[in-house]
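Single-structure report; data block below.
The values are calculated or read from the model by the stated rules, or taken from the named source; none is laboratory data. These figures come from a predicted structure and were not determined experimentally. Quick reminder, even Gly has a Cβ in these numbers, built from the backbone with ideal geometry, and neighbours come from all protein chains shown.
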């Protein structure tokens, strides 16, 4: 009797222990499963691609980065599903789950992901360091750019003849006034049509010496005319009086300088270029008529609001900068850019001096922003 009672008690205790161990094991497994489900990995270059395990991005090959752990079941319950996005191209969406051409699952996009246009994106300090975010202040600065164009040393018999005729007509202006004035006016119009400026025409009225440097080399040195062809997209930058530097492969190491004397009034319909004339100092008479040259015109843009060229992100339809709002927030801002001047963009509209803009990792922040706030 006693032995039977002891056996029953022992068996009961054993069963109770086994049940407790099994319950703990199930609870542990459930917690581990929840933890595993909460862990997500994403590509720093393509944040739209995520995975539940470490690995490499199938798009660019970069190692996936672990995101912050959030219980998956809780996240789904608290958010409204909007649509599914193609992991390879965020612009392609679907109202139902599906796979892309490579067999990859579309990524669900929840209500929290979508934000009003112009809202910023948060980048944690750790991630800023990882992707190399750098910022700089928007400021006003003196901008200078350069217009480079091919040209040649002038050999222009037509212009030479027109200038000589003008000088003769001007010299004879004290005679029969009506006839001479008519002739003088016609020669002036011809010179303007050929591209001379008012200042150049006036200068030739004050001398009777013909411009022989237009048709022959000056062995004793002096000045030569340089004709440069400037393309129409840069022609509006060229003004009379700007500094021009001239070099030629025929004279390695030699540099000649002068000033722009005139800018042509007519665009060449075939080359879409404008003729720019400059008179350049050649004290040794090294430059010969029809010699090919390379020219650089120095163009001062003035004191303008500007940002480094690295700060401007061109989306194809507009230009953006990311403005630092503080505390890890970056706001995508549309800007209107002007002249590109040696490493800087003139900013016509969009940001003001004193604001801070991102100059490094713009593309990565843009990828993050596209995922979180749909930049359109």
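General observations
- Leading residue by the ranking (surrounded by the most Cβ atoms within 10 Å (Cβ to Cβ)) among those in region 63-75 that are modelled with pLDDT of 50 or more and over 17 Å from residue 102 (Cβ atoms): 65
- When restricted to residues that are touching a strand residue (DSSP E or B) at 6+ places or on another chain (Cβ under 9 Å), in a loop (DSSP other than H, G, I, E, B) and modelled with pLDDT of 80 or more, region 114-140 contains 4.
- Strands (runs of 3 or more DSSP E) wholly inside region 272-340 that include at least 1 residues being at pLDDT 95 or above and outside the structural domain of residue 365 (by TED's automatic domain parsing): 273-282, 292-308
- For the condition surrounded by 14 or more Cβ atoms within 10 Å (Cβ to Cβ), touching a residue at least 40 places away in the same chain (Cβ under 8 Å) and within 23 Å of residue 131 (Cβ to Cβ), residue 339 does not qualify.
- One residue stands out among those in region 128-143 that are farther than 21 Å from residue 348 by Cβ and touching a residue at least 24 places away in the same chain (Cβ under 8 Å): the one that is surrounded by the most Cβ atoms within 10 Å (Cβ to Cβ), which is 133.
- Residues that are within 16 Å of residue 150 (Cβ to Cβ) and either assigned to a strand (DSSP E or B) or in contact (Cβ under 8 Å) with a residue 60 or more places away in the chain (or both) within region 237-267 comprise 238, 244, 245, 246, 247, 256, 260, 264, listed in sequence order.
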